[in-house]
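*Asks:* Structure in structure tokens, see below.
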Amino acid sequence: MNNKSKTTHTALQHALALSAITFLAGCSLMPSYERPSAPIASQWPATARVNAVDGTAAAASPAMVSWQDYFSDPSLRQLIDTALANNRDLRVALLNIDQARAQLGVRRADQFPTLNAAMTGARTPNSNGAINSAYSAGLTVTAYELDFFGRVASLKEQALAQVLASSEAAQTVQISLIATVAQSWLNLLADEELLAVSRQALDSRAESLKLVELKVRHGAASDFERRSAQTLLESTRVTLAQQMRQRALDENALTLLIGQPISDTYRAQWTPNKLGQLVFAELPAGLPSDLLARRPDIRQAEQLLVASNANIGAARAAFFPRISLTAGAGSASTALSGLFKDGSWGWTLAPQLVLPIFDAGRNQANLDAARTGREMAVAQYEKAIQSAFREVADALASRATLVEQLQAQQALLDAETARSQLTQLRLQHGVANQLDWLDAQRALFSTQQALVQTRLVSLQNQIALFKTLGGGTGTAPGI
């Protein structure tokens, strides 16, 4: 064979080797990801469907209202902004993203060789008593894995999915934080209104007790009537003390959420009767399938599913040969002064191929564990969808009944107020007795408190619907 033929043959061999390496480098054993079908109905239940949007379910995926537009009260917006800046749970969730990103950086770095500068020296005695010296210095690449079967790439995809899952988890924390701050704020408004009702009732019953005691002294009322009025007064004091304690607890809860003490400016805005003036924007519920895009907890579960799918690829690649490369280039000399001189330069190349033959079933167990992990991730993803469907359906079903309950509660309060006034007039004219008046006062006080509680539950239901539909947060800070 002449020199030209040898050159052509060698070039062909190199080309074939390069093609094989390129093919193997693009080989991945990671299964193709397919999103599982949503295990929910295509429509909301009948009890919830009529409350979706204007009496019918939305035909297309409507955009969610942002929290800035949904919560129009300036003081509530300031509280939410403060919580987003200071809440420690949200801060931890954002730091989890940074940690996941750092792990992704490690996995990405594994796809490239690590180049190090190294210098070594050794002096050892020989059999003649002389000292042998050896020095070397240069650049080295140590145990760089040639990812022919996609093991490193699969681990990188797994780390990327973990980053995305952490990002979605942070958005879930943000939505929950916004909703919880709003609900805590409503609790304080309800506390103020309940305290105002109780203080008013306490003053009224204190005056009534004085009047009854005056009648007792003049023989116009019995001691039983005096004791009954006193019982009504003391029971109101008990209720007032309970409400003051609950208000302190609710304020402590809000302080923890916003991450700093509540200023007097905020407290001045918690005035009675504000609860009944609040109106939130109408929320488009859309179709159940819209939750897949709206809810970050569902998107988080899907990213965890993607990560478990990528883990299968890494476990499969463990069955195939692992090829690593160690190389170096530099100078070597028997004298330190001889380093980097002409004739001292050289290079080394040491590829290594490891083929698993017997590992007592370790690789198979890892693959089985990875497959089981994927099945668990599928189940968790489906459970996240089903839980989201149930939460929205519950909130929608509650919305209409709470509106009816609030209307009925208001009508009941109007009736009890009128009855109390008529009973007072009848008592003054001797037509009704003291027990009738006491019964009317108890019923009126109970109805006033029930109306405040119903308003609170109705508003909190709207916030719960805002949360379960995905919150409309956009992107969490730092994501």
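*Asks:* Can you check what the net charge comes to around residue 274, using other residues whose Cβ is under 14 Å from the Cβ of residue 274 (Lys, Arg +1; Asp, Glu -1)?
*Replies:* Values: positive: 267, 455; negative: 73, 191, 192, 193.
Net charge in that neighbourhood comes out at -2.
*Asks:* Give me the one-decimal Kirkwood hydrodynamic radius in Å for the range 417-471, with the sum taken over alpha-carbon pairs.
*Replies:* On the way: mean 1/r = 0.0744 Å⁻¹.
Its Kirkwood hydrodynamic radius stands at 13.4 Å.
*Asks:* For the Cα atoms of the chain, what angle does the longest principal axis make with the long axis of helix 151-217, in degrees from 0 to 90, nearest 10?
*Replies:* Once rounded, the angle reads 10 degrees.
*Asks:* Could I ask something else about it? How many percent of Cα pairs in the range 353-479 exceed 18 Å? Don't skip to the answer; put the middle values down first.
*Replies:* Details: 5915 of 8001 pairs.
Tail of the P(r) past 18 Å holds 74 percent of the pairs.
*Asks:* May I pose another question? How long are the semi-axes of the equivalent ellipsoid of the range 350-400, defined as square roots of 5 times the Cα gyration tensor eigenvalues? Whole Å, largest first.
*Replies:* On the way: eigenvalues 459, 27, 3 Å².
Sorted largest first and rounded, they come to 48, 12, 4 Å.
*Asks:* Need one number for the range 315-363: average projected area of the convex hull over its C-alpha atoms, nm².
*Replies:* On the way: hull surface 21.3 nm².
Answer in nm², one decimal: 5.3.
*Asks:* What is the extension gain from residue 277 to residue 145, computed as 0.36 nm multiplied by their sequence separation minus the C-alpha to C-alpha distance, in nm to one decimal? All intermediate terms of the calculation are to be shown ahead of the outcome.
*Replies:* Numbers: separation 132, 0.36 × 132 = 47.52 nm, distance 6.66 nm.
Going from the current span to full extension adds 40.9 nm.
*Asks:* Considering the convex hull of the alpha carbon atoms of the chain, report its projected area averaged over all viewing directions, in nm², one decimal.
*Replies:* Details: hull surface 174.3 nm².
Taking a quarter of the hull surface, the average projection is 43.6 nm².
*Asks:* Same structure, new question: At 1.4 Å probe radius, can you tell me the per residue accessible area of the range 294-427 in Å²?
*Replies:* Working: 7580 Å² over 134 residues.
Counting only protein heavy atoms, the per-residue value for the range 294-427 is 57 Å².
*Asks:* Would you mind counting up the charge near residue 213? Only other residues with Cβ under 14 Å from its Cβ, with Lys and Arg at +1 and Asp and Glu at -1. Mind dumping the intermediate values first?
*Replies:* Details: positive: 205, 210, 215, 217, 226, 227; negative: 207, 223, 225.
Net charge in that neighbourhood comes out at +3.
*Asks:* Calculate, for residue 253 and residue 122, the FRET efficiency according to 1/(1 + (r/R0)^6) with r their C-beta to C-beta distance and R0 45 Å; round to the nearest 0.05. Display every interim value, and only then the final one.
*Replies:* Details: r = 68 Å, r/R0 = 1.51.
Step by step, r from the Cβ atoms, then E = 0.10.
*Asks:* Rounded to the nearest 0.05, what FRET efficiency do residue 263 and residue 203 have when you use their Cβ-Cβ distance and R0 = 22 Å? Write out the running numbers ahead of the final one.
*Replies:* Working: r = 30 Å, r/R0 = 1.35.
With a Förster radius of 22 Å, E is 0.15.
*Asks:* Could you tally the net charge around residue 351, taking each other residue with its Cβ under 12 Å from the Cβ of residue 351, Lys/Arg +1 and Asp/Glu -1?
*Replies:* 0
*Asks:* Right, another one. Tally up the carbon and sulfur contribution to the accessible surface of the chain as a whole percent, 1.4 Å probe, everything protein left in place.
*Replies:* Numbers: 14640 of 25910 Å².
C and S atoms contribute 57 percent here.
*Asks:* List the aspartates and glutamates whose alpha-carbon lies under 19 Å from that of residue 467, not counting same-chain residues fewer than 8 positions away?
*Replies:* 69, 73, 81, 89, 168, 282, 290, 297, 391, 394
*Asks:* With a 1.4 Å probe and every protein chain left in place, tell me how much accessible area residue 404 has, in Å² to the nearest 10.
*Replies:* Accessible area, nearest 10 Å²: 120 Å².
*Asks:* For 419, 108, 374, 123, write out the residues from largest to smallest accessible area, computed with a 1.4 angstrom probe and no ligands counted.
*Replies:* Values: 419 90, 108 120, 374 45, 123 150 Å².
Sorted by accessible area, descending: 123, 108, 419, 374.
*Asks:* Compute for the range 165-308: radius of gyration divided by Kirkwood radius, i.e. Rg/Rh, restricted to C-alpha atoms, rounded to two decimals.
*Replies:* Working: Rg = 24.7 Å, Rh = 19.6 Å.
On the Cα set of the range 165-308, Rg over Rh gives 1.26.
*Asks:* How far, in degrees from 0 to 90, does helix 434-468 lean away from the longest principal axis of the Cα atoms of the chain, to the nearest 10?
*Replies:* 20
*Asks:* Then there's this: Ratio of Rg to Rh for the range 270-380, alpha carbon only, Kirkwood?
*Replies:* Numbers: Rg = 30.1 Å, Rh = 21.0 Å.
Rg/Rh for the range 270-380 comes to 1.44.
*Asks:* Still on this model: Starting from the Cα-Cα distance between residue 424 and residue 357, subtract it from 0.36 nm times their residue separation and give me the gain in nm to one decimal. Spell out each step's value before the answer.
*Replies:* Working: separation 67, 0.36 × 67 = 24.12 nm, distance 9.66 nm.
Here the answer is 14.5 nm.
*Asks:* Continuing with this model, one more query. In a solvent-free Debye calculation with one equal scatterer on each Cα, what is log10 I(q)/I(0) for the range 89-243 at q = 0.20 Å⁻¹, listed in the order of the q values?
*Replies:* Those come out to -1.15, one per q.
*Asks:* Leaving out ligands, DNA and RNA but keeping every protein chain, what accessible area does residue 112 have, in Å² rounded to the nearest 10, with a 1.4 Å probe?
*Replies:* Residue 112 exposes around 130 Å² with every protein chain in place.
*Asks:* I'd like the per residue volume of the convex hull spanned by the Cα atoms of the range 149-232, given in cubic angstrom. Please list the in-between numbers first.
*Replies:* Values: hull volume 7.2 nm³, N = 84.
So the per-residue Cα hull volume is 85 Å³.
*Asks:* Determine the per residue accessible area of the range 206-246 with all protein chains present and a 1.4 angstrom probe, expressed in square angstrom. Present the calculation step by step, with values, prior to reporting the outcome.
*Replies:* Details: 2650 Å² over 41 residues.
Per-residue value: 65 Å².
The values are calculated or read from the model by the stated rules, or taken from the named source; none is laboratory data. Just so you know, these numbers come straight off a predicted model, no measurement behind them. Every residue, glycine as well, gets a Cβ built from its backbone with ideal geometry; the counts of neighbours run over all protein chains shown. Accessible surface areas use protein heavy atoms only, side chains included; no ligands, DNA or RNA. Shrake-Rupley method; radii C 1.70, N 1.55, O 1.52, S 1.80 Å.
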